[in-house]
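Working notes, beginning with the structure itself.
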Amino acid sequence: MLVQTIIGATFLAVGINAAAVPNAAGKTFKFQIVDPKKGKWFLADATGAGTQDQTKALDCSLAGASGDVLTCGGKAFDKYPSFGDMFQMEASVAVASGSTGWSVDSNDTVHWNAKPKINFDVGIGKENNLWAETCPDAHGHWTGERGYAKAIWV
């Protein structure tokens, strides 16, 4: 009985630890978009271009007073526009004026609360451009599963 209790407590502790949201602020990661149609891409430069080679990806982190400003290559992203439903992942503004509301969950999935239901996709316009978008499937750009972003810790 004692052994069962110890084993049960160990599994409970491991389960609780796995569910905890990591404190991502200040930790370095590569920003990866997983697009079900185009594969895995990393943000490679401030213009929003992507690469499939992780060694060429920008280093990113969460900064700012609240730890919710995404910076990549030393620059932050502008605010998601109030008009339209697409935003190319261009890191072009000073850290202090970058967008807020970025987070990384316990599964290393990157979220941006700038608008509801943000997806991340590759190849709108140019084959390797990375995008955050809320574009509904009704536009005909996508059908089926949408892309998402992951933090690949370094």
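The values are calculated or read from the model by the stated rules, or taken from the named source; none is laboratory data. Note that the structure is a prediction, hence the values are computed from the model and not measured. Reconstructed Cβ throughout: ideal geometry from the backbone, glycine too, with neighbour counts over all protein chains shown.
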Expected output for region 37-56 (first residue more than 15 Å from residue 89 (Cβ to Cβ) and among the hydroxyl-bearing types (Ser, Thr, Tyr), partner surrounded by 16 or more Cβ atoms within 10 Å (Cβ to Cβ) and at pLDDT below 95, Cβ below 6 Å, 6+ apart or cross-chain) is none
The correct count of residues that are without any contact (Cβ under 8 Å) to a residue 24 or more places away in the chain, of a type in the set (D, E, K, R) and touching a Phe, Trp or Tyr at 6+ places or on another chain (Cβ under 7 Å) in region 60-94 is 0
How many residues of region 69-85 are under 15 Å from residue 149 (Cβ atoms) and surrounded by fewer than 18 Cβ atoms within 10 Å (Cβ to Cβ)? The answer is 0
Here the residues within region 28-55 that are under 18 Å from residue 71 (Cβ atoms), at pLDDT 95 or above and charged (D, E, K, R) are 30
Criterion first (closer than 18 Å to residue 33 by Cα, of a type in the set (A, V, I, L, M, F, W, C) and part of a loop (DSSP other than H, G, I, E, B)) does residue 114 satisfy it?
yes
Within region 22-59, the count of residues that are of a type in the set (Lys, Arg) and under 18 Å from residue 112 (Cβ atoms) comes to 2
Go through the residues of region 92-109 one by one and say whether even a single one is part of a loop (DSSP other than H, G, I, E, B), at pLDDT 90 or above, β-branched (Val, Ile, Thr) and under 17 Å from residue 24 (Cβ atoms). yes
Residue hits (region 60-89; assigned to a loop (DSSP other than H, G, I, E, B), touching a strand residue (DSSP E or B) at 6+ places or on another chain (Cβ under 7 Å), within 16 Å of residue 114 (Cα to Cα) and not aromatic (Phe, Trp, Tyr)) are 67, 68, 78, 81, 85, 89
- Does residue 53 qualify as being loosely packed, with under 15 Cβ neighbours inside 10 Å, of a type in the set (Asp, Glu) and farther than 23 Å from residue 144 by Cβ? yes
Check your understanding: Quick check: is even one residue across region 65-73 farther than 18 Å from residue 28 by Cα and of a type in the set (A, V, I, L, M, F, W, C)?
Key -> no
